[in-house]
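First the structure, in the form of structure tokens, and then the observations on it.
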Amino acid sequence: MIRPHAEQDAIRDDVFRWLDLRRNAGAYEYSRDELVNYMFNGERIPLLDTGRGIRNPVDFDSTLTIMTSSKKTAYSDGISPEGLVTYSYQSREGGDNVKLRRAFERADPLVYFLGVRPSYFVAFYPAYIVHDDPVRRTVSIALDETLRHFDDPLNLKEYERRYAERLVRTRLHQPMFRARVLRAYNTACAICNLKHAELLDAAHIIADSQTGGVAEVTNGLALCKIHHASYDQNLLGITPDYEVRIDRDLLEEVDGPMLRHGLQDMHGRPLTLPQRTADYPSRQKLAEKYALFAA
Ligand SMILES: [Zn+2]
């Protein structure tokens, strides 16, 4: 029995709301466990299938979610410079492909889950299937709502391409970068050890100007909001030997407890480093950024 369309739409909306709530509370990744236990009005509706990258509930007539596991995203996130991901569908004909095509035809909003490590995902929503290639048996999924309004998402005009590339750089790579950096630093500010994910950012050491792929963890630092802004503004520096420095003028200022404890007391403190040495911030990038602070 297929649910009424209004109910399918209501469930999609509620899934987006539920993911928003978790994200606003600081969640930077979603576990398989919580995703398969999503509840709608007291009814459990798993958002991931077992052993498959597509979730087509039997009582839905189009796809609800698509997932790429972390095995495929170990070195990148698979997002094209135009903000699309390609998903290969099943070789045999059947329900999955029918529901996938219907999601394309009806432009149903869905969730795209990207594996960040085994059993953990970042989420993009609402995502839309914008192209179906029955010969190659692939669909293209636009990860941002604005991208689906292009006439031909696979052949962008020049100004559309520029827009899409900026969007991919500033927004679409962010969730993966945030998840990897916060995980590496054990969800704590590398400077003050604040442990509230909702107050933490994944800061770039060197501003992200590269066009291809998600930024490396080694170009990142988990920093609380105040230390992130201070670092970007060069009020706070980090030496290539992982020591915190505060701007000289700022050290001499007299003001309230935020200046005193939040900033001045950090001068000379060692940076708290990631658990894995492979995730340590790049000394070269730290030096490059420190030169700007010292100047
Ligand atoms: Zn901090």
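Results, tabulated for the structure shown:
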item	result
Evaluation of Ala142 against (1) in contact (Cβ under 8 Å) with a residue 60 or more places away in the chain; (2) more than 16 Å from the ligand (Cβ to nearest atom) (one fails), failing number	(1)
Residue tally, condition at pLDDT 95 or above and either touching a strand residue (DSSP E or B) at 6+ places or on another chain (Cβ under 8 Å) or in a helix (DSSP H, G or I) (or both), over the stretch 30-54	13
Residue list for the stretch 138-151, restricted to those being at pLDDT 85 or above and either among the charged types (D, E, K, R) or in the same structural domain as Leu223 (by TED's automatic domain parsing) (or both)	Asp144, Glu145
Check on His131, in contact (Cβ under 8 Å) with a residue 24 or more places away in the chain and within 16 Å of the ligand (Cβ to nearest atom)	no
Exclusive hit being β-branched (Val, Ile, Thr) and modelled with pLDDT under 90, set Thr68, Thr73	Thr73
Pairs with Cβ under 6 Å, 6+ apart, first in the stretch 216-229 and assigned by TED's automatic domain parsing to the domain that holds Cys189, second more than 15 Å from the ligand (Cβ to nearest atom) and hydroxyl-bearing (Ser, Thr, Tyr)	Thr218/Ser282
Selection status of Ile206, within 16 Å of the ligand (Cβ to nearest atom) and either assigned to a loop (DSSP other than H, G, I, E, B) or free of Cβ contacts under 8 Å to residues at least 40 places away in the same chain (or both)	no
Unique residue being in contact with a Phe, Trp or Tyr (Cβ under 9 Å, 6 or more places away or on another chain) and within 15 Å of the ligand (Cβ to nearest atom) when the list is Leu199, Leu263, Leu223	Leu223
Test: Leu172 is under 19 Å from the mean Cα position of the chain (by Cα), among the hydrophobic types (A, V, I, L, M, F, W, C) and within 16 Å of the ligand (Cβ to nearest atom)	no
Residue match in the stretch 146-169 (condition: touching a residue at least 24 places away in the same chain (Cβ under 8 Å), out of contact with any Asp or Glu (no Cβ under 9 Å at 6 or more places or on another chain) and away from the ligand (no atom under 16 Å from the Cβ))	yes
Helices (runs of 4 or more DSSP H) within the stretch 73-187 that include 3 or more residues surrounded by fewer than 19 Cβ atoms within 10 Å (Cβ to Cβ)	95-106, 158-167
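The values are calculated or read from the model by the stated rules, or taken from the named source; none is laboratory data. Here the structure is a predicted model, which means the values were calculated and not measured. Ideal geometry is used to build each Cβ from the backbone, glycine not excepted, and the neighbour counts take in all protein chains shown.
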